[in-house]
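Participant: Before we start, here is the structure in question, set down as structure tokens.
Computed from the coordinates by the stated procedures, all read-outs in this text should not be read as laboratory data. Since the structure is predicted, the reported quantities are computational estimates derived from the model, not experimental observations. Backbone-built Cβ (ideal geometry, glycine too); neighbour counts: all protein chains shown.
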Amino acid sequence: MIPQEWLPHHRQDDGELLGYLVPAAAGRCVPVTPFGHPLGPAQPADDAARLLDESGLSYLADRWYLRVDGRDDPIAVRIAEVAPDRMTVRNADYGYEGNIGDPFVLAVPTDRLIRV
């Protein structure tokens with residue numbers, strides 16, 4: 001579940017949640033995706049909000065790697081769905097034992113994803 005101190009940031013046009021501003025030291029904020037992945041370093045809140053606005057939801061279409069328990073190398077996945085308490089990614093790695101498209105449900109926020 002998203003921590004209570006994280007400040008939601010919505011797109012002005014339609015109210016879509018773009019991510020969160022995570023309070024950091026010295027009044028700065030870290031801009032993060034709706035699933036908690038940092039999009040940049042700690043910075044003034046206005047700059048962090050601007051970065052979320054500029055990024056929009058484009059990162060959802062990016063390729064990501066997932067750290068899988070019991071496996072040394074992460075596997076390629078695609079983001080399928082993001083909700084405030086969980087997200088679903090789907091296997092996109094032909095070298096992985098599982099079937100292409102198999103879902104993995106992750107608690108949000110998660111630190112198991114690596115952006116490619």
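Participant: Using amide H atoms built 1.01 Å from N in the peptide plane, name the residues 5+ places from D102, or on other chains, whose amide H lies under 5 Å from its own.
Facilitator: N91
Participant: Would you grab the residues whose amide H sits under 5 Å from the one on H10? Only those 5+ places off in sequence or on another chain, please, with H modelled 1.01 Å from N.
Facilitator: The answer is L18.
Participant: Same structure, new question: What ³J(HN,Hα) values, in whole Hz, does the Karplus curve 6.51 cos²θ - 1.76 cosθ + 1.60 give for region 5-20 when θ = phi - 60°, with x put for Gly and Pro?
Facilitator: 7, 6, 9, x, 10, 10, 5, 5, 5, 10, x, 5, 5, 9, x, 9
Participant: Using only the alpha carbon atoms of the chain, find the Kirkwood hydrodynamic radius as the inverse mean reciprocal pair distance, in angstroms to one decimal.
Facilitator: Here the Kirkwood hydrodynamic radius works out to 14.9 Å.
Participant: Taking θ as phi - 60°, what are the ³J(HN,Hα) couplings along region 82-95 by the Karplus curve (6.51, -1.76, 1.60), each to the nearest whole Hz, with x for Gly and Pro?
Facilitator: 10, 10, x, 10, 7, 9, 10, 10, 10, 4, 10, 10, 5, x
Participant: Which one of D14, D102, D47 has the biggest mean-square fluctuation once the chain is modelled by GNM with Cα springs under 10 Å?
Facilitator: D14
Participant: Hey, what do the phi angles of region 68-75 turn into as Karplus ³J(HN,Hα) couplings, whole Hz, using 6.51/-1.76/1.60 and θ = phi - 60°, x for Gly and Pro?
Facilitator: For region 68-75, the Karplus curve yields 10, 4, x, 10, 5, 9, x, 10 Hz.
Participant: Here's something else I'd like to know. With the contact rule set at Cα under 8 Å and sequence spacing of 6 or more, what percent relative contact order holds for the chain?
Facilitator: Working: 243 pairs, mean separation 24.5, N = 116.
Taking the mean separation of contacting Cα pairs over the length of the chain, I get 21 percent.
Participant: What is the local net charge at Y96, summed over the other residues whose Cβ is closer than 15 Å to its Cβ (Lys, Arg +1; Asp, Glu -1)?
Facilitator: 0
Participant: Further, regarding this structure: Among D53, D62, which comes first, second and so on when ranked by fewest other beta-carbon atoms within 10 Å?
Facilitator: Going from least to most buried by this count: D62, D53.
Participant: May I ask for the net charge around R71, where only other residues with Cβ less than 15 Å from the Cβ of R71 are counted and Lys, Arg are +1 while Asp, Glu are -1?
Facilitator: -4
Participant: With Cβ to Cβ distances under 10 Å as the rule, what net charge do the other residues near V105 carry (K, R +1; D, E -1)?
Facilitator: Counting the neighbours of V105, the net charge comes to 0.
Participant: Give me the one-decimal nm value for the distance between modelled label points at D69 and I100, 7 Å along each residue's Cα-to-Cβ direction.
Facilitator: Result for the modelled spin labels: 2.8 nm.
Participant: To continue, here is another question. Give me, ordered by chain and number, the residues 5 or more places off C29 or on other chains with an amide H under 5 Å from its own placed amide H.
Facilitator: So C29 has HN proximity to A24, Q43, A45.
Participant: Rounded to the nearest 0.05, what FRET efficiency do H10 and D85 give with R0 = 25 Å and r taken as the Cβ-Cβ distance? Could you check?
Facilitator: About 0.90, to the nearest 0.05.
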